[in-house]
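A.B. asks: Supplied in C-alpha coordinates, the structure appears directly below.
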Amino acid sequence: MIVRWLVALVAIALAVSGAVATLGQAGSGAQPWDEELSDNFVFVKVIPFALALGLALGIALGGPRRADASRRFAPATIAGHWLLALGFLLALPTGVWQYMGGILDVSLPLPLYLIYRVHYIGATLILFTLAWFLGYWWAGTDRSLLVPRGQWRRHLTGLAHELPPRLGRMIASRLGLDLRGERPTAGKFSFYETAFSFPTWTFVLTLITITGLAKAARYVYPVPGPLLYWASTLHVAAMVLILIKVLDHLRYTLARWSLVVAMTTGRASASLAPAPRVAPASAAGGDDE
Amino acid sequence: MKAFAALLALVWAALNAVLAILMVVNAFVAKTAQHEGLPAQAALLLGGLTIGLFAALLAWECYRLVTKRAAVRG
(Lines give C-alpha, C1' and ligand atoms only; values in the text may rest on other atoms or scores of the structure.)
Protein backbone atom coordinates (compact mmCIF):
# COMPACT_ATOMS: atom_id res chain seq x y z
CA MET A 1 0.00 0.00 0.00
CA ILE A 2 2.79 2.41 0.97
CA VAL A 3 4.66 1.55 -2.23
CA ARG A 4 1.57 2.35 -4.29
CA TRP A 5 1.25 5.76 -2.70
CA LEU A 6 4.98 6.42 -3.11
CA VAL A 7 4.61 5.65 -6.81
CA ALA A 8 1.56 7.93 -6.95
CA LEU A 9 3.52 10.74 -5.25
CA VAL A 10 6.35 10.32 -7.75
CA ALA A 11 3.77 10.41 -10.57
CA ILE A 12 2.26 13.61 -9.14
CA ALA A 13 5.71 15.22 -8.92
CA LEU A 14 6.57 14.15 -12.48
CA ALA A 15 3.21 15.35 -13.80
CA VAL A 16 3.61 18.75 -12.15
CA SER A 17 7.19 19.03 -13.46
CA GLY A 18 6.05 17.99 -16.93
CA ALA A 19 3.18 20.46 -16.95
CA VAL A 20 5.41 23.31 -15.74
CA ALA A 21 8.09 22.51 -18.35
CA THR A 22 5.55 22.14 -21.18
CA LEU A 23 3.65 25.30 -20.34
CA GLY A 24 6.94 27.09 -19.77
CA GLN A 25 8.12 26.17 -23.27
CA ALA A 26 4.78 27.20 -24.78
CA GLY A 27 4.76 30.52 -22.94
CA SER A 28 8.41 31.39 -23.48
CA GLY A 29 7.76 33.08 -26.81
CA ALA A 30 10.76 31.26 -28.27
CA GLN A 31 8.67 29.23 -30.70
CA PRO A 32 7.22 30.74 -33.90
CA TRP A 33 3.97 28.78 -33.60
CA ASP A 34 0.53 30.35 -33.50
CA GLU A 35 -1.80 29.69 -30.58
CA GLU A 36 -3.45 26.64 -32.16
CA LEU A 37 -0.23 24.87 -33.10
CA SER A 38 1.25 25.71 -29.72
CA ASP A 39 -1.78 24.14 -28.00
CA ASN A 40 -1.40 21.04 -30.16
CA PHE A 41 2.15 20.61 -28.93
CA VAL A 42 1.18 21.27 -25.32
CA PHE A 43 -1.55 18.64 -25.56
CA VAL A 44 0.60 15.95 -27.10
CA LYS A 45 3.34 16.53 -24.53
CA VAL A 46 0.92 16.44 -21.60
CA ILE A 47 -0.75 13.15 -22.65
CA PRO A 48 1.92 10.74 -21.25
CA PHE A 49 1.91 12.57 -17.92
CA ALA A 50 -1.90 12.51 -17.72
CA LEU A 51 -2.00 8.78 -18.47
CA ALA A 52 0.79 7.94 -16.03
CA LEU A 53 -0.68 10.09 -13.27
CA GLY A 54 -4.15 8.58 -13.74
CA LEU A 55 -2.77 5.06 -13.71
CA ALA A 56 -0.63 5.64 -10.61
CA LEU A 57 -3.44 7.30 -8.67
CA GLY A 58 -5.90 4.60 -9.74
CA ILE A 59 -3.58 1.85 -8.52
CA ALA A 60 -2.94 3.72 -5.27
CA LEU A 61 -6.65 4.19 -4.62
CA GLY A 62 -7.51 0.63 -5.65
CA GLY A 63 -6.81 -2.54 -3.77
CA PRO A 64 -8.89 -4.49 -1.27
CA ARG A 65 -11.45 -2.47 0.64
CA ARG A 66 -13.51 -3.10 3.72
CA ALA A 67 -16.83 -4.66 2.70
CA ASP A 68 -19.73 -2.27 3.24
CA ALA A 69 -23.13 -3.45 2.06
CA SER A 70 -24.56 0.03 2.44
CA ARG A 71 -22.23 1.42 -0.24
CA ARG A 72 -22.76 0.91 -3.96
CA PHE A 73 -19.86 3.07 -5.17
CA ALA A 74 -16.53 3.85 -3.52
CA PRO A 75 -15.46 7.52 -3.24
CA ALA A 76 -12.76 6.95 -5.89
CA THR A 77 -15.35 5.61 -8.33
CA ILE A 78 -17.61 8.60 -7.69
CA ALA A 79 -14.73 11.04 -8.17
CA GLY A 80 -13.67 9.29 -11.38
CA HIS A 81 -17.22 9.25 -12.71
CA TRP A 82 -17.71 12.99 -12.22
CA LEU A 83 -14.25 13.81 -13.57
CA LEU A 84 -15.16 11.82 -16.66
CA ALA A 85 -18.48 13.68 -16.87
CA LEU A 86 -16.62 17.00 -16.66
CA GLY A 87 -14.25 15.84 -19.39
CA PHE A 88 -17.21 14.99 -21.63
CA LEU A 89 -18.87 18.30 -20.81
CA LEU A 90 -15.78 20.10 -22.11
CA ALA A 91 -14.75 17.80 -24.96
CA LEU A 92 -18.11 16.87 -26.50
CA PRO A 93 -19.59 20.31 -27.33
CA THR A 94 -16.23 21.57 -28.59
CA GLY A 95 -15.72 18.40 -30.65
CA VAL A 96 -19.21 18.73 -32.09
CA TRP A 97 -18.50 22.34 -32.98
CA GLN A 98 -15.25 21.45 -34.76
CA TYR A 99 -17.18 18.94 -36.87
CA MET A 100 -20.46 20.78 -37.41
CA GLY A 101 -18.73 24.12 -37.92
CA GLY A 102 -17.09 22.62 -40.99
CA ILE A 103 -20.31 21.04 -42.22
CA LEU A 104 -22.29 24.25 -41.71
CA ASP A 105 -19.39 26.42 -42.91
CA VAL A 106 -19.86 28.91 -40.07
CA SER A 107 -17.52 30.36 -37.45
CA LEU A 108 -18.08 31.45 -33.89
CA PRO A 109 -17.20 35.03 -32.90
CA LEU A 110 -14.21 33.71 -30.95
CA PRO A 111 -10.87 32.28 -32.09
CA LEU A 112 -10.88 28.63 -33.14
CA TYR A 113 -7.86 27.87 -30.97
CA LEU A 114 -9.99 28.50 -27.88
CA ILE A 115 -12.40 25.77 -29.01
CA TYR A 116 -9.46 23.41 -29.49
CA ARG A 117 -7.97 24.44 -26.15
CA VAL A 118 -11.15 23.56 -24.26
CA HIS A 119 -11.41 20.32 -26.27
CA TYR A 120 -7.87 19.39 -25.28
CA ILE A 121 -8.50 20.16 -21.61
CA GLY A 122 -11.55 17.90 -21.72
CA ALA A 123 -9.62 15.20 -23.59
CA THR A 124 -6.79 15.35 -21.04
CA LEU A 125 -9.30 14.92 -18.22
CA ILE A 126 -10.87 11.96 -20.03
CA LEU A 127 -7.49 10.29 -20.64
CA PHE A 128 -6.48 10.88 -17.02
CA THR A 129 -9.73 9.39 -15.76
CA LEU A 130 -9.67 6.39 -18.08
CA ALA A 131 -6.15 5.56 -16.90
CA TRP A 132 -7.36 6.11 -13.32
CA PHE A 133 -10.17 3.58 -13.79
CA LEU A 134 -7.87 1.08 -15.50
CA GLY A 135 -5.43 1.23 -12.59
CA TYR A 136 -8.19 1.28 -10.01
CA TRP A 137 -9.94 -1.81 -11.36
CA TRP A 138 -6.67 -3.62 -12.01
CA ALA A 139 -5.61 -3.12 -8.39
CA GLY A 140 -9.07 -3.84 -7.00
CA THR A 141 -11.06 -7.03 -6.73
CA ASP A 142 -14.55 -5.90 -7.74
CA ARG A 143 -15.42 -7.26 -11.19
CA SER A 144 -19.20 -7.01 -10.84
CA LEU A 145 -19.56 -4.84 -13.97
CA LEU A 146 -17.89 -7.50 -16.09
CA VAL A 147 -19.65 -10.53 -17.55
CA PRO A 148 -17.79 -13.57 -16.18
CA ARG A 149 -16.33 -16.07 -18.62
CA GLY A 150 -19.02 -18.40 -19.95
CA GLN A 151 -21.83 -16.21 -18.61
CA TRP A 152 -22.65 -14.14 -21.69
CA ARG A 153 -25.75 -16.15 -22.61
CA ARG A 154 -27.16 -15.74 -19.09
CA HIS A 155 -26.48 -12.00 -19.07
CA LEU A 156 -27.94 -11.51 -22.55
CA THR A 157 -31.01 -13.48 -21.49
CA GLY A 158 -31.32 -11.25 -18.44
CA LEU A 159 -30.91 -8.20 -20.66
CA ALA A 160 -33.70 -9.44 -22.97
CA HIS A 161 -35.94 -9.81 -19.91
CA GLU A 162 -35.16 -6.28 -18.74
CA LEU A 163 -35.93 -4.67 -22.09
CA PRO A 164 -39.46 -3.76 -23.19
CA PRO A 165 -41.17 -7.06 -24.13
CA ARG A 166 -41.27 -6.52 -27.89
CA LEU A 167 -37.63 -5.39 -28.07
CA GLY A 168 -36.55 -8.14 -25.69
CA ARG A 169 -38.27 -10.82 -27.76
CA MET A 170 -36.75 -9.44 -30.96
CA ILE A 171 -33.22 -9.51 -29.52
CA ALA A 172 -33.78 -12.95 -27.99
CA SER A 173 -34.93 -14.23 -31.36
CA ARG A 174 -31.91 -12.78 -33.16
CA LEU A 175 -29.46 -14.13 -30.59
CA GLY A 176 -31.18 -17.48 -30.15
CA LEU A 177 -31.97 -16.91 -26.47
CA ASP A 178 -34.66 -18.84 -24.63
CA LEU A 179 -36.89 -16.54 -22.55
CA ARG A 180 -39.23 -19.32 -21.43
CA GLY A 181 -36.96 -20.55 -18.66
CA GLU A 182 -36.36 -19.03 -15.28
CA ARG A 183 -35.45 -15.39 -15.37
CA PRO A 184 -31.79 -14.90 -14.35
CA THR A 185 -31.17 -12.89 -11.22
CA ALA A 186 -29.01 -9.80 -11.60
CA GLY A 187 -26.10 -9.16 -9.27
CA LYS A 188 -24.91 -5.76 -8.06
CA PHE A 189 -25.60 -4.31 -11.51
CA SER A 190 -28.53 -4.91 -13.83
CA PHE A 191 -28.09 -7.01 -16.95
CA TYR A 192 -28.62 -3.85 -18.98
CA GLU A 193 -25.52 -2.45 -17.29
CA THR A 194 -23.35 -5.57 -17.54
CA ALA A 195 -24.39 -6.93 -20.96
CA PHE A 196 -25.02 -3.71 -22.84
CA SER A 197 -24.11 -0.43 -21.18
CA PHE A 198 -20.63 -1.19 -19.85
CA PRO A 199 -19.41 -3.13 -22.94
CA THR A 200 -20.59 -0.36 -25.26
CA TRP A 201 -19.01 2.31 -23.05
CA THR A 202 -15.78 0.33 -23.18
CA PHE A 203 -15.97 0.13 -26.96
CA VAL A 204 -16.68 3.81 -27.62
CA LEU A 205 -14.16 5.03 -25.06
CA THR A 206 -11.48 2.76 -26.49
CA LEU A 207 -12.31 3.96 -30.00
CA ILE A 208 -12.22 7.66 -29.12
CA THR A 209 -9.00 7.19 -27.15
CA ILE A 210 -7.10 5.28 -29.83
CA THR A 211 -8.24 7.56 -32.65
CA GLY A 212 -7.59 10.67 -30.58
CA LEU A 213 -4.09 9.49 -29.70
CA ALA A 214 -3.42 8.72 -33.38
CA LYS A 215 -4.54 12.21 -34.33
CA ALA A 216 -2.42 13.83 -31.62
CA ALA A 217 0.60 11.69 -32.51
CA ARG A 218 1.04 13.57 -35.80
CA TYR A 219 2.69 16.42 -33.85
CA VAL A 220 5.52 14.18 -32.70
CA TYR A 221 5.58 11.50 -35.41
CA PRO A 222 4.85 11.46 -39.16
CA VAL A 223 1.56 9.56 -39.08
CA PRO A 224 0.69 8.22 -42.56
CA GLY A 225 -2.07 10.15 -44.33
CA PRO A 226 -4.54 7.25 -44.73
CA LEU A 227 -4.16 6.33 -41.06
CA LEU A 228 -4.79 9.93 -40.09
CA TYR A 229 -7.84 10.06 -42.35
CA TRP A 230 -9.38 6.97 -40.78
CA ALA A 231 -8.44 8.08 -37.30
CA SER A 232 -10.23 11.39 -37.89
CA THR A 233 -13.29 9.70 -39.41
CA LEU A 234 -13.57 7.15 -36.62
CA HIS A 235 -12.93 9.85 -34.00
CA VAL A 236 -16.03 11.68 -35.24
CA ALA A 237 -17.98 8.40 -35.34
CA ALA A 238 -16.93 7.68 -31.76
CA MET A 239 -18.00 11.21 -30.76
CA VAL A 240 -21.48 10.62 -32.20
CA LEU A 241 -21.68 7.26 -30.40
CA ILE A 242 -20.67 8.93 -27.13
CA LEU A 243 -23.37 11.56 -27.60
CA ILE A 244 -25.88 8.72 -27.95
CA LYS A 245 -24.39 6.85 -24.99
CA VAL A 246 -24.58 9.94 -22.75
CA LEU A 247 -28.24 10.48 -23.69
CA ASP A 248 -29.01 6.82 -22.99
CA HIS A 249 -27.05 6.88 -19.72
CA LEU A 250 -28.96 9.95 -18.51
CA ARG A 251 -32.27 8.41 -19.57
CA TYR A 252 -31.50 5.16 -17.75
CA THR A 253 -30.23 6.70 -14.52
CA LEU A 254 -32.87 9.44 -14.23
CA ALA A 255 -35.51 6.70 -14.45
CA ARG A 256 -33.81 5.08 -11.45
CA TRP A 257 -33.20 8.01 -9.12
CA SER A 258 -31.45 5.86 -6.53
CA LEU A 259 -28.65 5.38 -9.07
CA VAL A 260 -28.17 9.16 -9.17
CA VAL A 261 -28.16 9.23 -5.36
CA ALA A 262 -25.69 6.33 -5.27
CA MET A 263 -23.33 8.09 -7.70
CA THR A 264 -23.51 11.22 -5.54
CA THR A 265 -23.36 9.82 -2.03
CA GLY A 266 -22.09 6.30 -2.69
CA ARG A 267 -24.98 4.88 -0.68
CA ALA A 268 -26.99 1.98 -2.04
CA SER A 269 -30.72 1.83 -1.44
CA ALA A 270 -33.12 -1.10 -1.12
CA SER A 271 -34.50 -0.39 -4.58
CA LEU A 272 -31.11 -1.25 -6.08
CA ALA A 273 -31.23 -4.78 -4.72
CA PRO A 274 -31.41 -7.53 -7.34
CA ALA A 275 -34.83 -8.34 -8.70
CA PRO A 276 -36.56 -11.31 -7.05
CA ARG A 277 -36.21 -14.64 -8.79
CA VAL A 278 -39.68 -14.77 -10.28
CA ALA A 279 -41.28 -13.97 -13.61
CA PRO A 280 -42.23 -16.95 -15.69
CA ALA A 281 -41.89 -16.60 -19.44
CA SER A 282 -45.35 -15.23 -20.02
CA ALA A 283 -44.85 -12.36 -17.60
CA ALA A 284 -41.20 -11.72 -18.32
CA GLY A 285 -39.81 -8.39 -19.41
CA GLY A 286 -41.05 -4.86 -19.46
CA ASP A 287 -40.39 -3.89 -15.88
CA ASP A 288 -37.13 -2.09 -16.19
CA GLU A 289 -36.09 -0.89 -19.56
CA MET B 1 -33.18 18.15 -6.57
CA LYS B 2 -35.02 15.93 -9.02
CA ALA B 3 -36.48 18.96 -10.76
CA PHE B 4 -33.05 20.57 -11.06
CA ALA B 5 -31.52 17.39 -12.46
CA ALA B 6 -34.44 17.05 -14.87
CA LEU B 7 -33.96 20.65 -16.00
CA LEU B 8 -30.25 20.14 -16.67
CA ALA B 9 -30.94 16.91 -18.54
CA LEU B 10 -33.68 18.64 -20.51
CA VAL B 11 -31.26 21.36 -21.58
CA TRP B 12 -28.81 18.66 -22.68
CA ALA B 13 -31.58 16.86 -24.56
CA ALA B 14 -32.64 20.12 -26.27
CA LEU B 15 -29.07 20.88 -27.38
CA ASN B 16 -28.77 17.35 -28.75
CA ALA B 17 -32.12 17.74 -30.52
CA VAL B 18 -30.83 20.89 -32.23
CA LEU B 19 -27.70 19.02 -33.24
CA ALA B 20 -29.83 16.14 -34.56
CA ILE B 21 -31.88 18.53 -36.69
CA LEU B 22 -28.74 20.18 -38.07
CA MET B 23 -27.24 16.79 -38.90
CA VAL B 24 -30.36 15.51 -40.65
CA VAL B 25 -30.93 18.74 -42.59
CA ASN B 26 -27.32 18.93 -43.70
CA ALA B 27 -27.38 15.32 -44.84
CA PHE B 28 -29.52 16.55 -47.74
CA VAL B 29 -27.65 19.77 -48.55
CA ALA B 30 -25.91 19.82 -51.93
CA LYS B 31 -22.73 21.25 -50.41
CA THR B 32 -22.39 18.24 -48.11
CA ALA B 33 -22.85 15.89 -51.03
CA GLN B 34 -20.18 17.71 -53.05
CA HIS B 35 -17.63 18.10 -50.25
CA GLU B 36 -18.22 15.05 -48.06
CA GLY B 37 -19.78 12.40 -50.30
CA LEU B 38 -22.51 9.82 -49.81
CA PRO B 39 -21.01 7.98 -46.79
CA ALA B 40 -20.80 11.23 -44.84
CA GLN B 41 -24.38 12.08 -45.82
CA ALA B 42 -25.56 8.67 -44.63
CA ALA B 43 -23.60 9.04 -41.40
CA LEU B 44 -25.11 12.48 -40.77
CA LEU B 45 -28.61 11.14 -41.42
CA LEU B 46 -28.24 8.00 -39.32
CA GLY B 47 -26.39 9.79 -36.52
CA GLY B 48 -28.86 12.67 -36.51
CA LEU B 49 -31.89 10.39 -36.38
CA THR B 50 -30.41 8.28 -33.56
CA ILE B 51 -29.37 11.30 -31.51
CA GLY B 52 -32.84 12.78 -32.06
CA LEU B 53 -34.51 9.57 -30.90
CA PHE B 54 -32.43 9.34 -27.73
CA ALA B 55 -32.86 13.06 -27.04
CA ALA B 56 -36.62 12.57 -27.24
CA LEU B 57 -36.42 9.56 -24.89
CA LEU B 58 -34.38 11.59 -22.41
CA ALA B 59 -36.80 14.53 -22.61
CA TRP B 60 -39.65 12.11 -21.88
CA GLU B 61 -37.76 10.71 -18.89
CA CYS B 62 -37.24 14.27 -17.59
CA TYR B 63 -40.97 14.84 -17.81
CA ARG B 64 -41.64 11.59 -15.96
CA LEU B 65 -39.12 12.50 -13.28
CA VAL B 66 -40.75 15.87 -12.63
CA THR B 67 -44.26 14.48 -12.65
CA LYS B 68 -43.15 11.86 -10.07
CA ARG B 69 -44.20 8.94 -12.21
CA ALA B 70 -40.68 7.59 -12.07
CA ALA B 71 -40.59 7.68 -8.27
CA VAL B 72 -41.91 4.16 -7.91
CA ARG B 73 -38.98 2.88 -9.94
CA GLY B 74 -36.41 4.09 -7.45
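A.B. asks: For labels at B:A42 and A:I12 in the simple 7 Å Cα→Cβ model, what's the distance in nm?
C.D. replies: About 5.2 nm separates the two model spin labels.
A.B. asks: Against the longest principal axis of chain B, how steep is helix B:2-27, in degrees 0 to 90 to the nearest 10, with axes from Cα atoms?
C.D. replies: On a 0 to 90 degree scale, this one is about 10.
A.B. asks: Looking at chain A, do any whole DSSP H helices span at least 20 angstrom along their long axis by alpha carbon and average -1.0 or above on Kyte-Doolittle, and which? Could you put the intermediate results ahead of the total?
C.D. replies: On the way: long enough: A:2-27 (37 Å, 1.78); A:35-61 (37 Å, 1.44); A:75-104 (42 Å, 1.18); A:112-139 (40 Å, 1.20); A:198-217 (28 Å, 1.27); A:225-254 (43 Å, 1.11).
Taking the DSSP H segments of chain A (at least 20 Å long, mean hydropathy at least -1.0), we get A:2-27, A:35-61, A:75-104, A:112-139, A:198-217, A:225-254.
A.B. asks: Run the quick spin-label model on A:E182 and A:T141: label points 7 Å from Cα toward the beta carbon, then report their separation in nm to one decimal.
C.D. replies: Taking the simple label geometry, A:E182 and A:T141 are separated by 2.7 nm.
A.B. asks: Contact order normalised by length for chain A, with contacts defined as Cα pairs under 8 Å and 6 or more residues apart; what percent is it?
C.D. replies: 24 percent
A.B. asks: Now a separate question. Which positions within the range A:215-251 get 10 Å² or more of their accessible surface covered by the other protein chains, compared to the chain by itself, with a 1.4 angstrom probe?
C.D. replies: Buried by the other chains: A:V240, A:L243, A:I244, A:V246, A:L247, A:D248, A:L250, A:R251.
A.B. asks: Determine the share of the range B:7-74's accessible area contributed by carbon and sulfur atoms, expressed in whole percent, with a 1.4 angstrom probe. Could the numbers behind the result be given before it?
C.D. replies: On the way: 2950 of 3840 Å².
Within the range B:7-74, the accessible surface is 77 percent carbon and sulfur.
A.B. asks: I've got another one for you. Multiplying the sequence separation of B:L8 and B:W60 by 0.36 nm and subtracting their Cα-Cα distance, what value in nm do you get?
C.D. replies: Details: separation 52, 0.36 × 52 = 18.72 nm, distance 1.34 nm.
Net length gain for the segment: 17.4 nm.
A.B. asks: Now for a separate question. Considering only DSSP states other than H, G, I, E and B, which trypsin sites (Lys or Arg not before Pro) in the range A:74-153 qualify as loop sites with at most 16 other Cβ atoms within 10 Å?
C.D. replies: Sparse-neighbourhood loop trypsin sites (Lys or Arg not before Pro): A:R143, A:R149.
A.B. asks: Size of the dipole of the protein assembly as shown about the Cα centre, Lys and Arg at +1 and Asp and Glu at -1 on the beta carbon, nothing else charged, in debye to 20?
C.D. replies: Dipole of the protein assembly as shown, to the nearest 20 debye: 1340 debye.
A.B. asks: A further question on this structure: Nearest 100 Å², what total accessible surface is buried between chain B and chain A (probe 1.4 Å)?
C.D. replies: Separately minus together, B and A give about 2300 Å² buried.
A.B. asks: Rounded to a whole number, what % of the accessible area of chain A do carbon and sulfur atoms account for, probe 1.4 Å?
C.D. replies: 70 percent
A.B. asks: Might you tell me the accessible area per residue for the protein assembly as shown, computed with a 1.4 Å probe and given in Å²? The partial results should precede the final answer.
C.D. replies: Details: 19510 Å² over 363 residues.
Here the residues of the protein assembly as shown average 54 Å² of exposed surface.
A.B. asks: Setting aside same-chain residues fewer than 8 positions from A:K215, which lysines have a Cα under 24 Å from its Cα?
C.D. replies: A:K45, A:K245
A.B. asks: Let me ask another. Any idea how far apart A:F198 and B:M1 come out in nm if each label point goes 7 Å out from Cα toward Cβ?
C.D. replies: Reported label-point gap for A:F198 and B:M1 is 2.5 nm.
The values are calculated or read from the model by the stated rules, or taken from the named source; none is laboratory data. Please read all numbers here as calculations on a predicted model, not as lab measurements. Positions of Cβ are generated from backbone atoms using ideal geometry, with glycine treated the same way; all protein chains shown enter the neighbour counts. Keep in mind that these areas ignore ligands, DNA and RNA; they rest on the heavy atoms of the full protein, side chains included. Shrake-Rupley method; radii C 1.70, N 1.55, O 1.52, S 1.80 Å.
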